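The values are calculated or read from the model by the stated rules, or taken from the named source; none is laboratory data. Note that the coordinates shown come from a computational prediction; the quantities given were computed from them, not determined experimentally. Ideal geometry is used to build each Cβ from the backbone, glycine not excepted, and the neighbour counts take in all protein chains shown. Only protein heavy atoms, including side chains, enter the accessible area calculation; ligands, DNA and RNA are left aside. Shrake-Rupley method; radii C 1.70, N 1.55, O 1.52, S 1.80 Å.
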Amino acid sequence: MTKLEQLIEQLCPDGVEYKVLGDIATISRGGSFQKKDFTEGGVPCIHYGQIYTRYGLFANETFTYISEAVAKKQKFAQPSDIVMAVTSENIEDVCKCVVWLGDTPVAVSGHSAIIHHDQNAKYLAYYFHSTMFFTQKRKIAQGTKVIEVSPDKLNKVKVPVPPLEVQAEIVRILDKFTELTTELTTELTTELTNRKKQYEYYRHSIIKLPECNRVTLDEVFYIRNGYTPSKKQPEYWENGDIQWFRLEDIRQNGRILTHAIQQINSKGVKKSGLIEKGSIMMSTTATLGEHALVCVDYLSNQQITNFTIKEAFQEYLLPKFAFYCFFDIGEQLATIANYSGGIPIVDQNKLKKLTLPLPLIEEQRRIVAILDRFDALCNDISEGLPAEIEARQKQYEYYRDKLLTFKELKRFE
């Protein structure tokens, strides 16, 4: 029997009481300082936006300060208080929190809640990042573009409140497990970073192929820009099954695509027809060089340039090999873009004369196989290092939630 099991059997054998947060804490709103009030030194402060990006679960030092004059008008969290961001752009970040473990009070910005309590601060922080709390948070969060959870709603959240000795033992276990998970994740992330650098170096060197014949883009590709079917013709957009790609699709959906955010129907297709599957689409404005290999017949908007292999070259050029070459092509776009209008626009005549290597088809297959393996190792969330990092995080979350789940004590009047 573990020490935690012994403590539970000894101190709460019939279960743990679940209380609403308002019974064990007082919740107040933060102050009113903004980022423009930051100073080089002075009174330590926590801005709500930093809770998402810079702090972990606990902190004894701040990243920023405000002046004494500004601090006089602010709200402060005391040591062991919890500072929670109660406004966010998404449900995942809202209610993220940090325990203030510094020796002195800390100023807290607006869009934050200060939770003053009589429990183990670390125990509550771990619970506020659990799946159980997330389920309750979904029910009390309000808003669409801006998500908010009011202190009044927070007061009604239920929290398991075991004896302090049990809380302390759970914190000890989770602190150690957090340390081990962080250490392993850091090692895996470092390995992933190194492999990505190796992948990029190998991709660059292998695609350069100095001894290989090179061909211009307009020699091997039909090159055409996309278009946007009229938004004034809603019948073009009803019950569509033709993928219509925008720049957002390249950024959000990855680099091998079968599905777009929006679809049109055949009424919106011009006489020039669809762009054939196996084509490459690339951004030639704004986010220069973002590109994707498309595995379905499709259309794209006018911000995207599309490259379809000509019939005469289809037995000499693999679409996937061309896709990898376009990483190098994309990096050259900045040198042939016009920036006079603020947003870069690629000179299409210069684009057509950029070149790519054309080795024998067997060599292309060998290169593609090697780069595919590197790509899976570095980027595939279902295998490789990203999957391993994800697995370690899920293991941690599962163990944390298990430790924070108790049989509820039933009280009879």
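Couple of notes before you dig in:
- With Cα atoms, 0 to 90° folded angle of helix 319-332 axis to the chain main axis: 80
- Residue-normalised accessible area of the range 1-125, given per residue in Å² at a 1.4 Å probe: 49
- The Cα-based radius of gyration and maximum Cα-Cα distance (Dmax) for the range 140-257 are 27.1, 76 Å.
- Axis angle, to the nearest 10 degrees, between helix 361-379 and the longest C-alpha principal axis of the chain: 10 degrees.
- Projected label distance in nm at Arg373 and Phe406, using a 7 Å step from Cα toward the beta-carbon: 5.3
- Amide N of the range 283-316 lying under 18 Å from the label point, which is placed 7 angstrom from the Cα of Gln262 along Cα→Cβ: 283-287, 298-306
- The string of couplings for the range 141-154 from the Karplus curve (6.51, -1.76, 1.60, θ = phi - 60°) is 6, 10, x, 10, 6, 10, 9, 9, 10, 7, x, 4, 6, 4 Hz, one whole number per residue in order, with x for Gly and Pro.
- In order along the range 78-92, the Karplus-derived 3J(HN,Hα) couplings, from 6.51 cos²θ - 1.76 cosθ + 1.60 at θ = phi - 60°, round to 8, x, 6, 6, 10, 9, 10, 7, 9, 9, 7, 8, 8, 5, 5 Hz, and Gly and Pro are given as x.
- Near Gly31: Cβ cut-off under 11 Å, other residues only, Lys/Arg at +1 and Asp/Glu at -1. The net charge is +3.
- Placing a label point 7 Å from the Cα of Ile206 along the Cα-to-Cβ line, the residues of the range 237-272 whose backbone N sits under 18 Å from it are 255-256.
- Look at the alpha carbon pairs under 8 Å that are at least 6 residues apart: their mean separation over the length of the range 234-357 gives a relative contact order of 23 percent.
- Gyration tensor (alpha-carbon) shape descriptor, the range 301-392, a/c threshold 1.5: oblate
- For the range 64-138: rounded, prolate or oblate by the Cα gyration tensor [a/c cutoff 1.5]: oblate
- Ligands, DNA and RNA left out, the 1.4 Å accessible surface of the chain is 51% carbon and sulfur atoms.
- Mean ellipticity per residue at 222 nm, deg cm²/dmol - from DSSP H runs of n ≥ 4 across the chain, formula -39500 (n - 2.57): -12000 deg cm²/dmol
- A simple rule links phi to the HN-Hα coupling: the Karplus curve 6.51 cos²θ - 1.76 cosθ + 1.60 with θ = phi - 60°, which for the range 256-263 gives 10, 10, 10, 9, 9, 5, 10, 10 Hz, with x for Gly and Pro.
- In the structure shown, the pairs Lys3/Lys394; Lys75/Lys176; Lys145/Lys196; Lys145/Lys277 are assessed against 27 Å; a Cα-Cα span above that value is assigned to Lys75/Lys176; Lys145/Lys196; Lys145/Lys277.
- Database remark: amide H of Ser300 closer than 5 angstrom to the amide H of Tyr227, Phe245 (H placed geometrically; neighbours at sequence offset of 5 or more, or on other chains; Pro and chain starts carry no H).
- For the pair the range 11-37 / the range 251-311, the C-alpha centres are spaced 50 Å from each other.
- Sequence-separation-based contact order of the chain, relative, with Cα cut under 8 Å and 6+ spacing, percent: 16
- Amide H contacts of Lys310 (H built 1.01 Å from N, under 5 Å, at least 5 apart or other chain): Phe221, Tyr222
- Each Cα pair under 8 Å and six or more residues apart adds its sequence gap; the mean of these over the residue count of the range 314-373 is a relative contact order of 46 percent.
- In nm, spacing of pseudo-spin labels at Lys156 and Asn60 (7 Å Cα→C-beta vector): 3.9
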